[in-house]
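Worksheet for the structure shown next.
The values are calculated or read from the model by the stated rules, or taken from the named source; none is laboratory data. Here the structure is a predicted model, which means the values were calculated and not measured. So basically every Cβ, Gly included, is an ideal-geometry build from the backbone, and we count neighbours across all protein chains shown.
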Amino acid sequence: MSEQPSPSTGKVVSSCDVVVVGAGIGGLYALHRLRSLGLDVQVFEAGDGVGGTWYWNRYPGARCDVESLFYSYSFSAELEQEWEWTERYPTQREILSYLNHVADRFELRRDIRLETRVTAAVYDEAARRWSVTTDRGDQVMAQFVVMATGCLSTWQIPAFPGVDSFQGERYHTGNWPHDPVDFAGKRVGFIGTGSTGIQAIPQIAKTARQLTVFQRTPNYAIPARNAPLRPGDQREVKARYREIRERMRTSPSGLPFAVAERAVLEEPPDLYLEALEEAWQAGGPPFLMMYRDVAVAEDANAIVADFVRSKIRETVRDPATAELLCPIDHPIGSKRICIEIEYFETYNRDNVELVDVRHSPVEEITPTGLRTSERTYELDVLVFATGFDAMTGTLLRIDIRGRGGVPLRERWADGPRTYLGLQVAGFPNLFTITGPGSPSVLSNMVVSIEQHVDWIADCITDLRAANLDTIEALPEAETIWVEHVNEVGAMTLYPKANSWYLGANIPGKPRIFMPYVGGVGVYRQYCDEVREAGYQGFVRSSPAGPADAPSPRAFATVTRYSKASAT
Ligand code: NA7
C-alpha cells in the first residue's frame, strides 16, 4: 500500500490496487494470483490467523466432507505434489495447517492484516475508486475490491427467550475457542443436527457425563468410511492429478465423480438395492451420484431416502429414537448431504438422549439450563450448532455502497441479485468470490474459488491491456442471469427443503434459492464465453467513457442446462 491524495477529496489516504476481504481459501488464492499480475494487493482478515472457515470452525469432529486429495488447490503443481494428506476426509486441523503452509510458502502474510474487520466499502464515483474502512480506523482507496468473505461465516444463535441468561459455558460451533473445551463430567445440551451437529455430537458424547441433543429436523447422513490414506492411493492420484483436476473442473459438482447414467426408476428393486448397498459401503458424497434421477424425480428420490431410513433403523437400537432420527420432511439431497462418523451409533450410548423439539419446542433458556414445552433440562454446557446467515449474511453486515451511494442492503432487500455470482449491477469493480448466483456451496468450494479468482484475474488483465479501468454488470444481464438461476433451481427438488440455501433458517430473510444449480462445468463455460465475447453483459470503461457497445443479452438464450445434468 502507498500513501496518496484521494483524487476526489485531496485528503491523503492509503491506496492500493485491490483490497481483498478475508484470508480463507478464496482470499489467500486471490492475493497470490493478483499479486503475480504485479498488482498491489491488501488483504484484511477479522481472525488472528488465516484459514477462514477452517480457522473459526474448530469444534470437536470438524472435518471436510470433500476428500482431502480433491479439497486442495490446483494452482501449483509443486504444492499439490509435495503436500501429504493423511486421511480420506481431512480434519479441520489438517486443512488449517495446509492453509498456513500455503500462506508461508507463497509469502502471503506480508500483505494480510489480521484482526482487522472491514466495516464499509463505498464507491467514490469521481475517483473511480472504492473507499474501504476497517474497525481499526484504516481507510484505503482501491481500484478493485474482492469479497472473499465466505458463504458460511456469519454464525447464528436463535433468539430463544433468555438465551443470554445462561450461566454455564456457552459455545457456537462456528466460533469455537482455540483452547480445547473439556466436557468430562459435564451435562451438555446440544442444539442443531445439521452437518456440524452430526460431526460434533459423536465426539462430545465420548467425554460428556450426559449429552442431550435437541433436534428440530433430522437429516440424511451417509457414512464417511474415513480411513488413513494409503501411500499408494495418494501416489496414484498425484500421478494423475492433471487429468483428475480437469475432470473436476468440467463436472457438475467439482468432484471427479460423474453422476451415473442409470435411473433408479428404470431398475428392478433387487438391482438398485444391491447398487445402493455397494455405494453405502463405499461411503461419502458419491452415494448420491449413483442415479441421475434422484435430484429431480420425487419417486426416484423416495427410493433412495427409504434406503437411508432403513439403515438408520438398522443402526439405532431404540425404535422410538430411530424413528425420530429418520428424515421425512424433505427429499434426500435437497439439503447439503451430511457425511457421518459413528453418528447414529452414538444414540445407542447410555449417556446420550435425543429430544424432539419440533413437538416440544424450546421455550426458554434459563440460567441453569433449557426448558422445552414438556420439561426442564439442567445443563453445565450449551452448544449451538445452529448454522449461519449463509451466502449473504457477511456481505450485508459490511456497509457496501455502490453508484449513487446505493447500499447493497437496499439492492438486495428482496434477495441477492448478481450477474454470474461475480458482480452486482451498480457496484463497479467489486467482485464476490463464490457469491449467490454461482455454483458455490453446491460444489467443491476450492474448485469454484479457483475458477472465480482466475476469471477475475483475467478480467483485470484484459481491462488493463485495453487501457480501461472499470467493469460493471449491466442490470439487464443481471436480470437474465437471476431468472436463469431461479428457473434452473426450480427444475430440481432443492426448493422443497427449508434449507439455508433458501435463507429459510433466518427469520425474515427473503426465500430465494441462492446458489446456481446448473453445475460447475456448465457455469465455467458461461463465464469463459462471456469473456471471449468481450465481457458480454458487462460494460467496461475508462475516464473517457464506455469502451464497449453494451450487450446485455448475454443469456437471453441460456439453454445448455438440462434436467439430466442436475446434481
Ligand atoms: P445448518 O445446516 O444450518 O444446521 C443448523 C441446525 O440447527 C439445524 O439442525 C437446525 O434445525 C438447527 N436449528 C437452527 N435454529 C434452531 C432453533 N431455533 N431450534 C432448534 N434447532 C435449530 O448448519 P451447520 O453448521 O450444521 O452446517 C452448515 C454447513 O456447513 C453445512 O451444510 C455444510 O455445507 C458445512 P432445522 O433444520 O432448521 O430445523
### Task
Would you mind stating whether W155 is within 13 Å of the ligand (Cβ to nearest atom) and modelled with pLDDT of 95 or more?
yes
### Query
When region 236-256 is examined, which residues are found to be charged (D, E, K, R) and over 14 Å from Q525 (Cβ atoms)?
E236, K238, R240, R242, E243, R245, R247
### Task
Quick one: which residue in R170, R249 is of a type in the set (K, R), within 16 Å of the ligand (Cβ to nearest atom) and either assigned to a strand (DSSP E or B) or surrounded by 16 or more Cβ atoms within 10 Å (Cβ to Cβ) (or both)?
R170
### Query
Residues V446, V406: which one is more than 13 Å from the chain's Cα centre (by Cα) and at pLDDT 95 or above?
V406
### Query
So which of G185, G194 ends up being within 30 Å of V522 (Cβ to Cβ) and either more than 16 Å from the ligand (Cβ to nearest atom) or not polar (S, T, N, Q) (or both)?
G194
### Message
Please pick out the residue among T149, T116, T154, T134 that is out of contact with any His (no Cβ under 7 Å at 6 or more places or on another chain), of a type outside the set (A, V, I, L, M) and buried (at least 22 other Cβ atoms within 10 Å of the Cβ).
### Response
T149
### Task
Would you mind telling me which numbered condition in (1) in contact with a helix residue (DSSP H, G or I) (Cβ under 7 Å, 6 or more places away or on another chain); (2) within 21 Å of T173 (Cα to Cα) V362 fails?
(1)
### Task
Tell me, please, whether a residue that is among the aliphatic types (A, V, I, L, M) and within 16 Å of the ligand (Cβ to nearest atom) can be found in region 388-398.
yes
### Message
Could you list, ordered by first residue, the pairs with Cβ atoms under 9 Å in which the first is in region 390-414 and among the acidic types (D, E) and the second is at pLDDT 95 or above and assigned to a helix (DSSP H, G or I), at least 6 apart or interchain?
### Response
D399/L408; D399/R409
### Task
Out of the residues in region 425-466 that are of a type in the set (G, A, S), outside any loop (DSSP other than H, G, I, E, B) and in contact (Cβ under 8 Å) with a residue 60 or more places away in the chain, state the one that is nearest to R511 (Cα to Cα).
S440
### From the options A258, A221, A239, A227, residue that is under 20 Å from V304 (Cβ atoms), among the small types (G, A, S) and surrounded by fewer than 21 Cβ atoms within 10 Å (Cβ to Cβ)
A258
### Message
Between P60, P90, which is in contact with a Cys (Cβ under 6 Å, 6 or more places away or on another chain) and either modelled with pLDDT of 95 or more or surrounded by 15 or more Cβ atoms within 10 Å (Cβ to Cβ) (or both)?
### Response
P90
### Task
State which residue pairs qualify: first residue closer than 10 Å to V381 by Cβ and inside region 205-217, second residue within 16 Å of the ligand (Cβ to nearest atom) and at pLDDT 95 or above in any location, beta carbons under 6 Å apart, and separation of 6 or more residues or different chains.
A208/V188; L211/V188; L211/I204
